[in-house]
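Have a look at the structure below, then the notes.
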Amino acid sequence: MDLQPLGARLIDEPLEEEVTTSSGIVLPDTAKEKPQRGRVLAIGPGARNDKGEIVPMEVAVGDEIIYSKYGGTDIKVGADEVLILRESDVLAKVASKGAKSSKKKELAGAAA
């Protein structure tokens with residue numbers, strides 16, 4: 001890819017999941033919502049603080065992220081469709097990629 005984001009922006013590859021209803025019907029693309037999960041392909045240098053110093057980004061290339069539903073700008077680069085987001089549109093990084101369990105989930109870093 002020949003794109004380099006500027007400032008506190010990043011380039012994201014949306015990850016689309018196949019949606020199947022509880023009865024086993026696979027929903028077509030036209031009935032799906034816009035994806036909110038993706039993988040970071042490139043990051044900019046970061047935003048500047050009040051002193052003019054660059055503050056590094058909290059995400060890195062390869063991170064899997066969750067972002068706001070209607071955040072970012074869709075861009076088509078060749079055959080690929082990517083999303084350019086501001087760092088502020090990123091809601092969370094996906095910490096683990098393990099299998100889903102039936103146990104109660106706890107947020108990493110959250111204390112009661």
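Annotations
- Residue match in the stretch 70-87 (condition: within 19 Å of Pro5 (Cβ to Cβ), among the polar types (S, T, N, Q), loosely packed, with under 11 Cβ neighbours inside 10 Å and at pLDDT 85 or above): yes
- The stretch 20-69 - residue that is among the hydrophobic types (A, V, I, L, M, F, W, C), open to solvent by 60 Å² or more (accessible area, probe 1.4 Å) and part of a loop (DSSP other than H, G, I, E, B) and, of those, modelled with the lowest pLDDT: Ile25
The values are calculated or read from the model by the stated rules, or taken from the named source; none is laboratory data. Quick caveat: nothing in here was measured; it's all calculated off a predicted structure. Backbone-built Cβ (ideal geometry, glycine too); neighbour counts: all protein chains shown. Calculation scope for accessible area: heavy atoms of the full protein, side chains included, ligands and nucleic acids excluded. Shrake-Rupley method; radii C 1.70, N 1.55, O 1.52, S 1.80 Å.
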